[in-house]
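The values are calculated or read from the model by the stated rules, or taken from the named source; none is laboratory data. Treat the numbers as computed from the prediction; the structure is a model and nothing was measured. So basically every Cβ, Gly included, is an ideal-geometry build from the backbone, and we count neighbours across all protein chains shown.
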Amino acid sequence: MVLGWRERRRGVAIVLTAAGAAAAVASMLGVVAMARPLGFVHMQSNLSQTLTLASGRPDLAVSPNGEHVAVVWTEEYLPGRGYHRGHVFLRAVSETGGGWGDKVTVFSASDSACARHAAVAVSGTVAHVAYVVFDTCRDPQWIRVRYRACHLTTGECDESQEVASVDTDYNTITWVDIAVDNEEHPHVVWARYDANGRYGVIRYRTSDGTTWGEKLNVRSGFDSGSPAIAWADGYVHVVWEEVQSAGHQIWYRRRDPSGWGPFEYLCTQQPTFLPGNPDVAAGNGTVFVVWDWCYALGDDSYCERYDLVYRRSNDSGAPDSWGDYANDTREVGTDYKYYGSELTHYSSTGDPEGPDESFLDLQPSIVLNRNGWPAVVWHADRDGGEGTDYTVFVTYATTGTQDAVSWITPTVVGWGGTNQSAATVGVGEPGVDGEQHLHVAYMKKPTTSAREVYYDSNEYDEYVHIFLPVVERGN
């Protein structure tokens with residue numbers, strides 16, 4: 001069962017800036033919802049604010065102390081050029097600051113070069129951004145992975161650095177992810193494919209803050225893609241999906257200062273019900289990996305319904321610490337075992353000819369709080385696969401056991417709504433009451449503009465609201 005965060009009410013919600021103003025208006029309207037305000041950081045915000053230029057594919061990260069939140073995304077450089085290729089922008093906010101800062105240009109696009117995807121990690125007051133650049137935009141000869149450090153307190157960015165490059169006569173790169181360690185050193189992972197976008201190799205590189213080390217293969221010899229990375233407890237954690245002749249799989253591997261450990265398959269080969277879009281989060285000695293899993297194929301052999309599952313290690317991803325595949329693959333949001341239980345089958349599409357790629361599958365994102373408990377966001381179509389009511393869902397946990405997670409009932413983000421997709425999540429400091437504060441960024445298409453990047457949280461009820469009643473005018 002999926003619940004909305006708050007029942008919709010007739011009227012318009014207005015957020016007041018002072019308790020006195022709230023009381024004055026309440027005395028006239030008589031409808032006030034009171035709660036403890038946290039400040040305006042956690043309210044829904046349109047971060048991109050470009051009516052004619054489409055923005056998309058956001059990534060969000062929170063500093064380890066919960067103070068700073070940073071969001072990056074790509075944005076068209078001319079109308080109609082496609083929101084997956086363009087500028088890279090960053091906006092940041094501090095829990096103790098005065099609201100969201102201005103857009104910071106991480107990369108400026110033109111016909112001669114544009115960005116395809118961006119990812120961010122935060123350490124202290126620095127946002128570490130990795131992004132993929134096409135030279136040229138429409139018919140690139142070279143594709144490069146680049147890195148740039150941006151200072152959240154000043155809005156200034158250091159010079160960009162090249163992490164990798166490929167000649168498109170032989171290879172292509174479309175996706176990148178980044179993590180940062182406790183010494184503020186970046187770790188970058190990407191998939192390098194052949195010129196036709198097949199036979200992916202998972203690649204990794206890190207910097208000591210001065211120079212970049214050797215490019216290393218995390219996985220080669222098979223068709224691998226969609227990598228995600230996390231860093232915690234002295235380990236690099238990487239997950240990816242893989243296509244072999246017998247089907248699709250989800251794989252994991254970790255690295256310590258001595259090198260890469262063994263391969264761990266988290267989902268065995270699936271020839272029909274395909275797993276994909278893995279994400280990983282780690283901390284406090286635990287590692288969680290989440291992915292979406294095709295439940296029902298459509299008439300044209302693409303997925304129409306998905307399950308959302310996870311596996312967990314209680315020993316920092318060590319070999320043989322992932323439990324039993326049959327018993328410890330569990331559903332996000334309920335903790336039901338994947339095998340033998342009634343699961344929630346979310347509607348979405350894997351149809352490459354259907355909605356644009358930002359809507360495909362469920363595309364989950366996961367993060368852990370300081371105690372090692374997860375929060376997950378994803379998108380799904382509430383119209384049952386009609387493609388007209390995509391919205392973002394969230395669930396999280398603050399307690400559990402060594403074998404189980406006590407999830408809250410999955411809810412929609414904010415007011416819910418349509419045309420929402422490609423969400424990403426971060427976790428802030430817990431409240432004095434133990435409630436978990438979440439930060440969410442996602443894509444949304446307002447009715448009067450191109451697709452925008454929005455911020456929201458799970459704290460709608462933490463503010464003073466006035467609901468204006470609807471008054472009908474007589475004839």
Among the residues listed as G197, G213, G209, the single one being more than 24 Å from F134 (Cβ to Cβ), at pLDDT below 95 and not charged (D, E, K, R): G209
With the condition kept exactly as written, say whether any residue in region 257-264 is closer than 24 Å to D194 by Cα and surrounded by fewer than 16 Cβ atoms within 10 Å (Cβ to Cβ). yes
Do we have any residue at all in region 149-167 that's in contact with a strand residue (DSSP E or B) (Cβ under 6 Å, 6 or more places away or on another chain), under 21 Å from R254 (Cα atoms) and modelled with pLDDT under 95? no
If S258 passes every condition in (1) in contact with a strand residue (DSSP E or B) (Cβ under 9 Å, 6 or more places away or on another chain); (2) farther than 27 Å from D158 by Cα but one, which one does it miss? (1)
Quick test for you: out of S123, S160, pick the one residue that is farther than 18 Å from E76 by Cα, within 21 Å of the chain's Cα centre (by Cα) and surrounded by fewer than 23 Cβ atoms within 10 Å (Cβ to Cβ). S123
Long-range neighbours under 7 Å by Cβ, at least six apart or interchain, first residue more than 19 Å from V377 (Cα to Cα) within region 326-351, second among the small types (G, A, S) and surrounded by fewer than 16 Cβ atoms within 10 Å (Cβ to Cβ): Y339/A326; D351/G298
Only one of A127, A121 is closer than 20 Å to G86 by Cα, in contact with a strand residue (DSSP E or B) (Cβ under 7 Å, 6 or more places away or on another chain) and not assigned by TED's automatic domain parsing to the domain that holds G283. Can you tell me which? A127
Subset of region 330-359 (residues that are surrounded by fewer than 16 Cβ atoms within 10 Å (Cβ to Cβ) and on the phi > 0 side of the Ramachandran plot): G340
Of all residues in region 166-197 being among the aromatic types (F, W, Y) and part of a strand (DSSP E or B), which is surrounded by the most Cβ atoms within 10 Å (Cβ to Cβ)? W190
Just name the residue that is farthest from the chain's Cα centre (by Cα) out of those in region 296-311 that are surrounded by fewer than 18 Cβ atoms within 10 Å (Cβ to Cβ), within 16 Å of G384 (Cα to Cα) and not small (G, A, S). D299
Here are the criteria: (1) free of Cβ contacts under 8 Å to residues at least 60 places away in the same chain; (2) over 20 Å from the mean Cα position of the chain (by Cα). Tell me which single one C267 does not satisfy. (1)
Quick check: is even one residue across region 71-78 more than 26 Å from Q44 (Cβ to Cβ) and out of contact with any helix residue (DSSP H, G or I) (no Cβ under 6 Å at 6 or more places or on another chain)? yes
